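> Here's a structure for you.
Read the figures in this text as sums done on the coordinates, not as results from a lab. Source: prediction; values computed, not measured. For neighbour counting, all protein chains shown are included, and Cβ atoms are generated from backbone atoms with ideal geometry for every residue, glycine included.
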Amino acid sequence: MFLHLHALLMAILLLTGCSDPPERALGSIVVGLTSELQLGVDLAELHVVLRADGEILREHRFTSAGPGPVLPAELRFDELESGTRVEVEIEAFRPADDRQPLLVRSAVTEVLASKTLLLRVRLERACVIPPGGERCGDGATCVGGTCVDPRVDPATLEDYAPSWSTGASDACKPASGGAPEVIVGKGQGDYLPLADLEELQVEAGPQGGHHIWIAIRVKNLRRAGSITSVRGHVPELNHDIRPFNVIFSLDPEEGGYCSLHGLRFQVDSDISIQELLGKVVNVSVSVTDADGAVGVGERQVRLAQTIL
């Protein structure tokens with residue numbers, strides 16, 4: 001009896017030892033690097049660092065001393081574990097100055113299993129650091145001339161395709177589309193039309209402050225990686241409301257439009273809410289996509305007299 005049990009256990013151990021290990025959940029990120037600044041004219045060199053979970057994977061230096069164009073360029077994070085945090089950091093240097101960066105850009109996202117995703121990164125003139133100026137602080141990067149969070153939700157990234165740099169269309173920016181269009185609306189859970197001078201409810205925020213809900217309809221701007229900036233001006237008080245900047249994916253709709261709702265626009269960052277109730281606010285929303293295209297929409301609204 002004991003011998004039979006011993007033999008059975010040995011057989012199980014042998015089978016277990018010979019079985020295939022579980023497959024690892026792997027994915028890839030391809031950074032698509034483009035620039036408004038010309039290498040060899042505006043820029044002398046790019047220094048690029050690729051990190052995975054905080055560890056340096058590779059470093060690249062790009063110059064114009066080559067037979068062909070350097071940009072657009074692909075920087076690859078291949079076959080990494082799902083959930084790996086990947087980061088690209090780029091320092092661009094002007095001719096005759098290899099110490100002080102002319103521009104600094106970073107982007108952070110995560111690997112998704114069985115996916116090869118495209119992370120678009122564009123070097124923009126609006127982000128050139130002026131003489132004596134400072135770069136964005138730790139945990140921020142410059143996009144569209146504004147310091148924003150460098151993290152990009154991988155769920156908003158498009159699938160990688162070799163034609164990404166040729167201006168291939170997406171659901172929100174067809175190849176046959178025209179000029180960018182932004183229509184300012186309202187809504188927390190959906191886009192709703194908004195008339196000029198329509199009254200908007202003011203709500204108390206969960207962490208202080210008071211806000212209104214803004215939504216937009218957009219055409220001919222990229223679905224993923226677009227920066228939405230909400231601004232406000234109160235004419236009666238000659239007061240500018242602090243801008244609100246986000247990078248969210250757009251939702252496709254009918255008629256070639258895409259939408260974004262639930263933009264919590266705080267109106268009292270630098271002023272008492274009591275001074276604002278009942279006042280007219282000129283709301284302006286700009287959307288800047290990864291190709292550098294910009295659309296702007298405006299609407300006058302009146303803040304309610306009461307707080308919800």
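> Pick out, from Phe244, Ala175, Pro101, the residue whose Cα sits farthest towards the positive end of the charge dipole of the chain, with +1 on the Cβ of Lys and Arg and -1 on the Cβ of Asp and Glu.
So the residue we want is Ala175.
> For Asp170, what is the net charge nearby, where nearby means another residue's Cβ is under 9 Å from its Cβ and Lys, Arg count +1, Asp, Glu -1?
Residues close to Asp170 contribute a combined charge of +2.
> Output needed: percent of Cα pairs per 5 Å distance bin for segment 216-301, bins running from 0 to the one holding the longest distance.
Cα pair-distance distribution for segment 216-301, in percent: 3, 14, 24, 21, 15, 11, 8, 4, 0.
> Is it possible to state the helix-based mean residue ellipticity at 222 nm for the chain, with each DSSP H run of 4+ residues giving -39500 (n - 2.57), the sum divided by total residues, to the nearest 500 deg cm²/dmol? What is it?
-2000 deg cm²/dmol
> Jot down the radius of gyration and Dmax of segment 26-166, Cα atoms only, both in angstrom.
14.9, 45
> Convert 37 °C to kelvin, take the viscosity as 0.692 mPa s, use the Kirkwood radius over C-alpha pairs of segment 195-254 as Rh, and evaluate the Stokes-Einstein diffusion coefficient in µm²/s, rounded to a whole number.
Estimated diffusion coefficient is 232 µm²/s.
> Moving on. So if I place +1 on the C-beta of Lys and Arg and -1 on the C-beta of Asp and Glu, and nothing else carries charge, what would the dipole magnitude of segment 111-165 be about its Cα centre? I want it in debye, nearest 20.
It works out to roughly 140 debye.
> By count of other Cβ within 10 Å, fewest leading, how are Thr84, Thr228 ordered?
Thr84, Thr228
> Lys/Arg Cβ at +1, Asp/Glu Cβ at -1, dipole of segment 181-307 taken about the Cα centre: which of Tyr191, Gly225, Val296 is farthest positive-ward?
Gly225
> Which of these, Gln266, Gln207, Gln38, has the largest mean-square fluctuation under a Gaussian network model of the chain (Cα springs below 10 Å)?
Of Gln266, Gln207, Gln38, the most mobile in the Gaussian network model is Gln207.
> Going by how many other beta carbons lie within 10 Å of each one, how would you line up Arg122, Arg151, Arg58, Arg231, fewest first?
Numbers: Arg122 22, Arg151 16, Arg58 12, Arg231 19.
Going from least to most buried by this count: Arg58, Arg151, Arg231, Arg122.
> Fewest Cβ neighbours within 10 Å first, please rank Ile212, Ile273 accordingly. Write out the running numbers ahead of the final one.
Working: Ile212 22, Ile273 16.
The most exposed by this proxy come first: Ile273, Ile212.
> For the Cα atoms of the chain, what angle does the longest principal axis make with the long axis of helix 2-18, in degrees from 0 to 90, nearest 10?
With rounding to tens, the tilt is 50 degrees.
> Of Leu39, Leu277, Leu119, which is the most mobile in a GNM of the chain whose springs link Cα atoms less than 10 angstrom apart?
Leu277
> Using bins 20 angstrom wide from zero, how does P(r) for the chain break down, in % of all Cα pairs?
The distribution over the chain is 28, 48, 18, 6, 1, given as percents.
> Mind listing the Cα extents of segment 151-231 along all three principal axes, in Å, largest one first?
That gives 47, 29, 20 Å along the principal axes, largest extent first.
> Could you give the size of the charge dipole of the chain about its Cα centre, using +1 on the Cβ of each K and R and -1 on the Cβ of each D and E, expressed in debye and rounded to the nearest 20? Walk me through the intermediate numbers first.
Values: 27 positive and 43 negative charges, 39 e Å.
Charge dipole of the chain: 180 debye, to the nearest 20.
> A further question follows. Hey, what's the Kirkwood Rh for segment 88-223 if you take every pair of different alpha carbons, in angstrom?
Computed over segment 88-223, the radius equals 18.5 Å.
> Leaving out same-chain residues fewer than 8 places away, which aspartates and glutamates sit with a Cα under 19 Å from that of Lys186?
Asp196, Glu198, Glu199, Glu203, Asp251, Glu253, Glu254, Asp268, Glu298
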